[in-house]
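Peer 1: The following block contains the structure, expressed as structure tokens.
The values are calculated or read from the model by the stated rules, or taken from the named source; none is laboratory data. Here the structure is a predicted model, which is why all the values come from computation and not from measurement. Cβ sites come from the backbone with ideal geometry, for glycine too, and all protein chains shown count toward neighbours. Just so you know, the surface numbers come from the protein's heavy atoms only, side chains and all, with ligands and any DNA or RNA stripped out. Shrake-Rupley method; radii C 1.70, N 1.55, O 1.52, S 1.80 Å.
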Amino acid sequence: MAVRFIGNKQKLLSLITNKIIEKTGLHTGTFVDLFTGTTSVAMAFKKLGFNVISNDKLESSFNFSKAGLLINKEPQFHKLLNEVEIPFNSLFEQPYDLVLDYLNSLPEKQEFFYKEYSPQGSAEHLEEPRKYFTDYNAKKIDAIRTEINYWFENAFINDNERALLLSSLMFAVNKVANISGTYGAYLKNWYPRALDPLKLCRYPLFYSNKRYEVYNEDANNLVKKLAHSEIVYIDPPYTKRQYNAYYHILETLAYGDNPELLGKTGQRAREAEEVSAYCYKKKAPDALLDLITNIKADHVFLSYSTDGHISHQQIMDILSTRGTPEYWAVDFKRFKSNNPKEKNGSDLKELLYYVKVI
Ligand SMILES: C[S@@+](CC[C@H](N)C(=O)[O-])C[C@H]1O[C@@H](n2cnc3c(N)ncnc32)[C@H](O)[C@@H]1O
């Protein structure tokens, strides 16, 4: 199951990668994914043999990037296995599987997730209890995240091992969350998969030996610092939906904190600098122009929807500042939500734009 994430390019991968290879004729060099989200495109270019630089403002996305790009051999968890008695299990050959099995069998705990996001736990302090997870799953998440946090604080695991375990946890949480596609709100009735017990599985890894860098910054700032690269891919948000609000529960897992929560849906309090200019109709065109102006690359590709804040003509004008733009309509199934208020339109098109920088 692909991660439920607005704009996840998983289903469009072959189309995007084929077009990029066809237009650039490149099979090596550096590929930069400035708004990497689930890292689907960055990972595709890792598999194709490119050096890859990925970036996203989300902490959860930063975690996926560290796991997917920076881990390039089977993780051994040496220190952890020396420090913590994790029973050998003949079913599992690899330390990673052994560690996941250990985390899966931890006894439940009643901590932050139980108190804030499960019906029974949140009923103790909220008039309208939150229903993001079953009581059982919330307690399992508490047990697992507390253990990962403890291991990291005591240096039993390093930063990449932590990112890998958290990525497994975020994948598992994503499967059983009682939501319609984003964490903007929970569903009134249980989504059938939300009733399944949470289980950690291996996060999909791919080992290679090229150069990889991961960043967690505003893309417009980052491009000013990056050296020249062959290909830059841009996939910014195109609506008013702020990703850190829609994925606040994944953010809390990635930060490993217990933040103060706001309102009925229990979102994290947000700092003004955390909002994205691309989510405002007025600011988005200027943000894109600034980004395109500062990119140092031979080839620039942009994914954008005809439903987005920036019009097709504005995009063509902006890209024309660096060369002669081209574009293709990408047949696609729009982000599907089972929330009746979200329109599941098929009339919208996703476009892939390209400019060879002159
Ligand atoms: C359309 S999604 C990218 C989806 C991604 N290509 C994938 O396949 O999963 C847009 C991403 O841009 C990130 N974002 C929004 N504003 C940003 C900014 N100013 N700088 C960096 N990342 C930003 C969001 O957190 C979100 O992950």
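Peer 1: Would you mind pulling out the separation of the Cα centroids of the range 181-207 and the range 87-105, in Å?
Peer 2: 22 Å
Peer 1: Please report the accessible area of residue 4 (heavy atoms, 1.4 Å probe, ligands and nucleic acids excluded) in Å², nearest 10.
Peer 2: That residue has around 30 Å² of solvent-accessible surface.
Peer 1: How large is the dipole of the chain about the Cα centre if only Lys and Arg carry +1 and Asp and Glu carry -1, each at its Cβ, rounded to the nearest 20 debye?
Peer 2: With Lys and Arg at +1 and Asp and Glu at -1, about 1100 debye.
Peer 1: With the cut-off at 1.5 for a/c, could you classify the range 114-214 from its C-alpha gyration tensor as rounded, prolate or oblate?
Peer 2: It comes out prolate by the Cα gyration axes.
Peer 1: Here is a further query. Is the C-alpha gyration tensor of the chain telling us rounded, prolate or oblate? Criteria: a/c under 1.5 is rounded; beyond that, a/b larger than b/c is prolate, otherwise oblate.
Peer 2: oblate
Peer 1: Over 28 Å between Cα atoms, which of 175/283; 73/356; 57/281; 283/349; 73/139; 131/281 qualify?
Peer 2: 175/283; 73/356; 73/139; 131/281
Peer 1: Continuing with the same structure: Expressed as a whole percentage, what fraction of the accessible surface of the chain belongs to carbon and sulfur atoms when a 1.4 Å probe is rolled over the protein heavy atoms?
Peer 2: Accessible surface attributable to carbon and sulfur in the chain totals 50 percent.
Peer 1: I would also like to ask the following. Mind checking the per residue accessible area of the chain for me, 1.4 Å probe, whole number of Å²?
Peer 2: Accessible area per residue: 46 Å².
Peer 1: Go through 246-253, 296-303, 309-316 and give me the packing order, highest mean Cβ count within 10 Å leading.
Peer 2: 246-253, 296-303, 309-316
Peer 1: For the range 69-160, rounded, prolate or oblate, judged on the Cα gyration tensor with a ≥ b ≥ c (square roots of eigenvalues), a/c < 1.5 rounded, else prolate if a/b > b/c?
Peer 2: Cα axes put the range 69-160 in the prolate bin.
Peer 1: Once R0 is set to 35 Å, what does the formula 1/(1 + (r/R0)^6) return for the Cβ-Cβ distance between residue 110 and residue 73, expressed as a FRET efficiency to the nearest 0.05?
Peer 2: 0.40
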